[in-house]
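The values are calculated or read from the model by the stated rules, or taken from the named source; none is laboratory data. Predicted, not measured: the structure shown is a model, and the values here were computed from it. Please note: Cβ atoms are built from the backbone with ideal geometry, for glycine as well, and neighbour counts cover all protein chains shown.
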Amino acid sequence: MKHRNAFWFIPKGLLIVVFFFSCHSSLLAQCAGFPATTADGNCGTGNQLANGANINSGDSYYFCGASLANVSYTGINLAGGILRICGNASISGNFNSGIIVVACGSTVNFPSGLFMNGNVGIVNYGIINVTGDITFQNGGNYVYNETANSRLFVSANISYPANNGTNAYLKNSGYIKVNGNFYAYEGGFTCFNSGATMEVNNILYNQNCGGPANRFTFGSASGTAILRYITHSALKASFTTAANWNIYQATGSTQTLTCGGGWGSATVTASAPALTAPSGSQSCATLNCFTLPTTLLSFTGTKQADRIALYWTTAGEGKTGSYMPEHSANGISWSPLPSASTANGTHYTQYDDNPWKGNNYYRLKQTSADGKTGYSQVIIVANASRDNELQVYPNPAQAGKPIYINFYAAENQTAGLSLADVFGRIVLSKTIHLSAGNNELAFDITDGLYIATLRLPSDKVFTKTVLVVK
């Protein structure tokens, strides 16, 4: 037989894919010289987002979410493609190039900050919450609050651009709140449209002395925009030539002017009251984002003796063809539960008779009569761990796809892992380092029947048989 002995530790993650609707508002005027925007549309087309997705140039990924839960995606690698978020989601990963579009009516959280590594565009028609900093690293990054409905909340700072002198773009037609500092360095171009507002703690217009001035422009034919700062402003250049800008200074705020800095043609109001952040839902028109015909009202699980019970309730059957709970020990690799569900009207029950030790991840796959599929949020059900439990899954496994091993260890230790075929030939042998608690490993191998053996330093031996099919 031909064997591939790739072997690696699998990081913990949570894969959640659910379906919702998105919405649309008409675009306001493009600020002159800025990179082209991306329309709010085409939700539900392309590839469905998953943990660890690589969104390369030419790729289109999407998430259509539901109000059932705010779902989380980790390990996303934005590398030149486009990602559309239509629903409520949290996103973390590497943003190296490409575009993220947040649809109207959607709320997207960046729980680990937003570090844009060059040529990354964030086009916001909905609501964005950033926990930490927004960093415009390298050139060509842009963030657009594209409509009057758009809202951007930043818990820390905006560094814009972090590499002083590289081009960066911020366009605002809605509302921005920055709890920390707004660092506007040389190379940053800022354009507000009529009715746009931004409130910051400190604004630091850190152009190089003698560098270009008036980088804050006004993009509409008429109207006004507002910038309010709470604590301090430091200006090293003339702020704007547009009289449409209103600068609101909070009571007790201070100001430092150097290198000929000043507010330019803006109107300045001292002791200005706080801005009122918009709240409530957005008014949006529905886009073509696939929604499953049946509304899932709840999906829960509980531990019962040696098994886990799953329950779900729907609002009606509609055109749904089937429901299938899927199981994972790590939130990354999924397999269907082999047991059957029972129904009492729109209330369903299904059991997992062989749960893993520790945390078990479940999601509900829903398939409509015309073959479309969608997923619920992921739930986690704890199964009390016992020392020295070896499990191999999925079993049967499919050739060409990873096979996972889970071992719960009482303490840190080194062990030997081997895999033998039915003739006793060793096809994989490796020394592994176990940490106290659950240990997740994976390997890839061709079809056949195998015996996995784990030997501890105490000479305790644990075996499992696994079938790999084509």
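Summary table
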{"read-out": "Residues of segment 416-450 satisfying the condition of being surrounded by fewer than 17 Cβ atoms within 10 Å (Cβ to Cβ) and closer than 20 Å to Trp356 by Cβ", "value": "Ile432, Ser435, Ala436, Gly437"}
{"read-out": "Filter result (modelled with pLDDT of 80 or more and surrounded by 20 or more Cβ atoms within 10 Å (Cβ to Cβ)) within segment 324-355", "value": "Pro325, His327, Ser328, Gln350, Asp352, Pro355"}
{"read-out": "Subset of segment 456-468 [at pLDDT 80 or above, farther than 20 Å from Trp356 by Cα and either among the charged types (D, E, K, R) or not assigned by TED's automatic domain parsing to the domain that holds Gln398 (or both)]", "value": "Lys460"}
{"read-out": "Some residue of segment 203-217 being of a type in the set (A, V, I, L, M) and within 21 Å of Leu275 (Cα to Cα)", "value": "yes"}
{"read-out": "Of all residues in segment 433-470 being of a type in the set (S, T, N, Q) and in a strand (DSSP E or B), the one that is nearest to Leu419 (Cα to Cα)", "value": "Thr453"}
{"read-out": "Top-ranked residue of segment 258-309 - restricted to ones that are exposed (fewer than 14 other Cβ atoms within 10 Å of the Cβ), modelled with pLDDT of 80 or more and of a type in the set (A, V, I, L, M), ranked as nearest to Tyr62 (Cα to Cα)", "value": "Ala277"}
{"read-out": "Long-range neighbours under 7 Å by Cβ, at least six apart or interchain, first residue under 14 Å from Glu411 (Cβ atoms) within segment 423-440, second exposed (fewer than 11 other Cβ atoms within 10 Å of the Cβ)", "value": "His433/Thr414; Leu434/Asn412; Ser435/Asn412; Ala436/Glu411; Ala436/Asn412"}
{"read-out": "Test for Ser155: is it crowded, with 22+ Cβ neighbours inside 10 Å, assigned by TED's automatic domain parsing to the domain that holds Ala89, without any contact (Cβ under 8 Å) to a residue 60 or more places away in the chain and among the polar types (S, T, N, Q)", "value": "no"}
{"read-out": "Every residue from segment 117-161 that is aliphatic (A, V, I, L, M) and either closer than 19 Å to Tyr185 by Cα or not in a strand (DSSP E or B) (or both)", "value": "Val120, Ile134, Val143, Ala148, Val154, Ala156, Ile158"}
{"read-out": "Within segment 138-158, tally of residues that are more than 20 Å from Gly219 (Cβ to Cβ) and at pLDDT below 95", "value": "2"}
{"read-out": "When residues of segment 163-188 are limited to those that are in contact with a Ser or Thr (Cβ under 9 Å, 6 or more places away or on another chain) and farther than 21 Å from Thr240 by Cα, the one surrounded by the most Cβ atoms within 10 Å (Cβ to Cβ)", "value": "Gly180"}
